[in-house]
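Note sheet for the following structure.
The values are calculated or read from the model by the stated rules, or taken from the named source; none is laboratory data. Being a predicted model, the structure only gives us computed values, none of them experimental. Glycine gets a Cβ as well: all are built from the backbone with ideal geometry, and neighbour counts include every protein chain shown.
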Amino acid sequence: MAIQESARLDGSVQAPARTEPTGGTIITAGAARFLAVFRVVLGFEFLWAFADKTFGLGYATPSARAWINGGSPTKGFLSRVAVGPFESTFHTIAGAAWADWLFMLGLLGIGIALILGIGLRAAAVSGTVMMLGMWAAEWPLDKLTSAGEPSMSTNPIVDYHIIYALALIALAVTFAGHVWGLGRRWARLPFVQRYRWLI
């Protein structure tokens, strides 16, 4: 038998436990802490994107195109879509106010949820939908753009949007908000107890 410090699947760390090397699924306390750090780092990625697009911090978005200065967070990306069966659909919604608000609220909500460790199920679902939409906009299945140029796709199926989506799901199913986050307290709130999908 091996003795190791472990974490329950709900994210709470338990005392060193005896486990069979070949039996059961165990998340060690170290793994739970790593997931907590990963959760915060990924949350910062979403919040940074929100801040840069909102205030034009000069990285991906110059100040002149900031959302607060009348710029559109979706117009630049979606108007340049040049691949896939949804190309014209993305061009149509590029710069639409509802698309801007939905995208920006998604970035903000997912970022806050990850950093605080709350609502990780909702963050995983909404983040996965967002990532799949962005995957569809880049449509890595195509080798050529609609203009006949190389699409620069490096993998026809799995790109960074799929990795982000899987990371969000992994953080939700491992209760990563319970370690160094407010996930455990959040889960005890009466309205969260009533609507379990909010965990």
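Condition check ((1) assigned to a loop (DSSP other than H, G, I, E, B); (2) at pLDDT 95 or above; (3) surrounded by fewer than 21 Cβ atoms within 10 Å (Cβ to Cβ); (4) hydroxyl-bearing (Ser, Thr, Tyr)) across all residues:
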position	(1), (2), (3), (4)
Gly111	no, yes, no, no
Ala122	no, yes, yes, no
Ser126	no, yes, yes, yes
Leu132	no, yes, yes, no
Ala136	no, yes, yes, no
Leu141	yes, yes, yes, no
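Being assigned to a loop (DSSP other than H, G, I, E, B) and farther than 13 Å from Ala97 by Cβ is the filter here, so list the residues in region 67-85 that pass it. Full working, then the answer.
The first filter runs over region 67-85 and keeps only residues assigned to a loop (DSSP other than H, G, I, E, B), leaving 70-74, 80-85.
Residues satisfying the conditions are Arg80, Val81, Ala82, Val83, Gly84, Pro85.
Per-residue answers, yes or no, for (1) out of contact with any Lys or Arg (no Cβ under 7 Å at 6 or more places or on another chain); (2) not small (Gly, Ala, Ser):
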site	(1), (2)
Ser146	yes, no
Ile157	yes, yes
Ile163	yes, yes
Thr174	yes, yes
His178	no, yes
Trp186	yes, yes
Pro190	yes, yes
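Among the hydrophobic types (A, V, I, L, M, F, W, C), within 27 Å of Thr54 (Cβ to Cβ) and not in a loop (DSSP other than H, G, I, E, B) - does that describe any residue in region 143-151?
Going through region 143-151, the residues among the hydrophobic types (A, V, I, L, M, F, W, C) turn out to be 144, 147.
This time we only want the ones that are within 27 Å of Thr54 (Cβ to Cβ), so: none.
No, region 143-151 contains no residue that is among the hydrophobic types (A, V, I, L, M, F, W, C), within 27 Å of Thr54 (Cβ to Cβ) and not in a loop (DSSP other than H, G, I, E, B).
Just the residues that are hydrophobic (A, V, I, L, M, F, W, C), in contact with a Gly (Cβ under 9 Å, 6 or more places away or on another chain) and over 9 Å from Leu47 (Cα atoms), please, taken from region 104-114.
Step one: list which residues in region 104-114 are hydrophobic (A, V, I, L, M, F, W, C), which gives 104-105, 107-108, 110, 112-114.
Cutting the leftovers down to in contact with a Gly (Cβ under 9 Å, 6 or more places away or on another chain) gives us 110, 112-114.
Residues satisfying the conditions are Ala113, Leu114.
Could you list, in sequence order, all residues of region 189-199 that are surrounded by 12 or more Cβ atoms within 10 Å (Cβ to Cβ) and polar (S, T, N, Q)? It would help to see each step written out before you state the result.
Step one: list which residues in region 189-199 are surrounded by 12 or more Cβ atoms within 10 Å (Cβ to Cβ), which gives 189, 192, 198-199.
Correct list: empty.
Only one of Ser151, Ser146 is in contact (Cβ under 8 Å) with a residue 40 or more places away in the chain, surrounded by fewer than 17 Cβ atoms within 10 Å (Cβ to Cβ) and not aliphatic (A, V, I, L, M). Can you tell me which? Full working, then the answer.
Details: Ser151 fails: surrounded by fewer than 17 Cβ atoms within 10 Å (Cβ to Cβ).
When all the criteria are applied, what remains is Ser146.
In region 80-94, which residue that is surrounded by fewer than 14 Cβ atoms within 10 Å (Cβ to Cβ) and either among the hydroxyl-bearing types (Ser, Thr, Tyr) or touching a Phe, Trp or Tyr at 6+ places or on another chain (Cβ under 6 Å) (or both) is nearest to Pro156 (Cα to Cα)? Outline the logic, then answer.
First, pick out the residues of region 80-94 that are surrounded by fewer than 14 Cβ atoms within 10 Å (Cβ to Cβ): 80, 85, 88, 92.
Then keep just the ones that are either among the hydroxyl-bearing types (Ser, Thr, Tyr) or touching a Phe, Trp or Tyr at 6+ places or on another chain (Cβ under 6 Å) (or both); that gives 88, 92.
Details: Ser88: 21, Thr92: 25 Å.
Among those that are surrounded by fewer than 14 Cβ atoms within 10 Å (Cβ to Cβ) and either among the hydroxyl-bearing types (Ser, Thr, Tyr) or touching a Phe, Trp or Tyr at 6+ places or on another chain (Cβ under 6 Å) (or both), it is Ser88.
Which ones in region 158-178 are surrounded by 20 or more Cβ atoms within 10 Å (Cβ to Cβ) and either of a type in the set (D, E, K, R) or not in a helix (DSSP H, G or I) (or both)?
Thr174, Phe175
Check Thr154 against each of (1) closer than 30 Å to Ala29 by Cβ; (2) out of contact with any helix residue (DSSP H, G or I) (no Cβ under 9 Å at 6 or more places or on another chain) and name the one condition it does not meet.
Tallying (1) closer than 30 Å to Ala29 by Cβ; (2) out of contact with any helix residue (DSSP H, G or I) (no Cβ under 9 Å at 6 or more places or on another chain), Thr154 fails exactly one: (1).
Is it the case that Gly58 is under 24 Å from Leu166 (Cα atoms), outside any helix (DSSP H, G or I) and small (Gly, Ala, Ser)?
Numbers: under 24 Å from Leu166 (Cα atoms): no; outside any helix (DSSP H, G or I): yes; small (Gly, Ala, Ser): yes.
No; evaluated as a whole, the condition is false for this residue.
For Trp186, work out the one condition from (1) farther than 15 Å from Phe46 by Cβ; (2) of a type outside the set (Ser, Thr, Tyr); (3) exposed (fewer than 12 other Cβ atoms within 10 Å of the Cβ) it doesn't fulfil.
Against the list (1) farther than 15 Å from Phe46 by Cβ; (2) of a type outside the set (Ser, Thr, Tyr); (3) exposed (fewer than 12 other Cβ atoms within 10 Å of the Cβ), Trp186 comes up short only on (3).
Within region 113-122, can you find the residues that are among the hydrophobic types (A, V, I, L, M, F, W, C) and more than 11 Å from the chain's Cα centre (by Cα)? Full working, then the answer.
As a first pass, look at region 113-122 and keep what is among the hydrophobic types (A, V, I, L, M, F, W, C): 113-116, 118, 120, 122.
Result: Ile115, Leu116, Ile118.
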